[in-house]
1. List, in order, the whole-Hz ³J(HN,Hα) value for each residue of segment 119-126 obtained from phi through the Karplus relation with A = 6.51, B = -1.76, C = 1.60 and θ = phi - 60°; use x for Gly and Pro.
2. Is there a quick way to get the dipole size of the chain? I mean about its Cα centre, with the Cβ of Lys and Arg at +1 and of Asp and Glu at -1; what is the value in debye to the nearest 20?
3. Using +1 at the Cβ of each Lys and Arg and -1 at the Cβ of each Asp and Glu in the chain, identify which of Gly119, Asn88, Val71 lies farthest towards the dipole's positive end.
4. What are the ³J(HN,Hα) values, in whole Hz, obtained from phi via the Karplus relation 6.51 cos²θ - 1.76 cosθ + 1.60 with θ = phi - 60°, for each residue of segment 64-69 in sequence order, with x given for Gly and Pro?
5. With a point put 7 Å past each Cα toward its Cβ, work out how far Asp79 is from Phe161 in nm, to one decimal.
6. Please list 93-106, 15-28 highest first by mean number of surrounding beta-carbon atoms within 10 Å per residue.
7. Out of residues 5 or more away from Phe115 or on other chains, whose amide H comes under 5 Å of its own, with H placed 1.01 Å from N in the peptide plane?
8. May I ask you to list the aspartates and glutamates whose Cα is less than 20 Å away from that of Lys160, ignoring any residue fewer than eight positions away on the same chain?
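Every number in this text was worked out from the coordinates using simple rules, so none of it is lab data. It should be emphasised that the depicted structure is a prediction, and the values quoted were computed from it without experimental measurement. All Cβ positions, even for glycine, are placed from backbone atoms using ideal geometry, and neighbour counts span all protein chains on display.
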Amino acid sequence: MKPRVGISACLLGQAVRYDGGHKYQSLIVDQLASKVELVPFCPEVGAGLGTPRPAVQLVVIDDIVRMRGVVDPCLDVTDAVQHWIESNLPKFSNLDGFIVKARSPSCGAGNTPVFNAVGEQLPVASGLFAVALQQFYPDMLIVQEEDLQTPRKLLQFYSKFG
């Protein structure tokens, strides 16, 4: 049986990004698809946000990270995304790892820009879904697509399942 790996749907070429586009990663898909079962997910689309949709970013307000609109700071999708995360995290228990989209306010793992209420950039952090994954599945392998940009790195990733 092939290992099952969750992957940000945009990396598979699905048009789920805020701008209606995708971030297809041919090297990852071409090299891994025959070795692992790739299971797509998108917390933002799963939460009912449309495609295309207004861009969002992480904003710290009163020491709480919120997912708010870039252009319209009154747009706050945090609760909808958190509800999807809480409802779906247990469903991922049968996966062996995750490949997430770098710098995404939902999926980025440690390199997502974060801002304060007046728009000043703070140190980078993880997106809402990545934080939840790391807490709920502390032993799960979670990498960003940027970590898999060479055949050698892909082989190292795959070898962790074997």
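1. 3J(HN,Hα) across segment 119-126, in whole Hz: x, 7, 6, 9, x, 5, 8, 9.
2. Working: 14 positive and 16 negative charges, 124 e Å.
That gives a dipole near 600 debye.
3. So the residue furthest toward the plus end is Asn88.
4. 10, 7, 10, 10, 10, x
5. It works out to 3.8 nm between the two label points.
6. 93-106, 15-28
7. Leu58, Val59, Val60, Leu122
8. Straight-line reach from Lys160, under 20 Å: Asp30, Glu37, Asp96, Asp139, Glu145, Glu146, Asp147.
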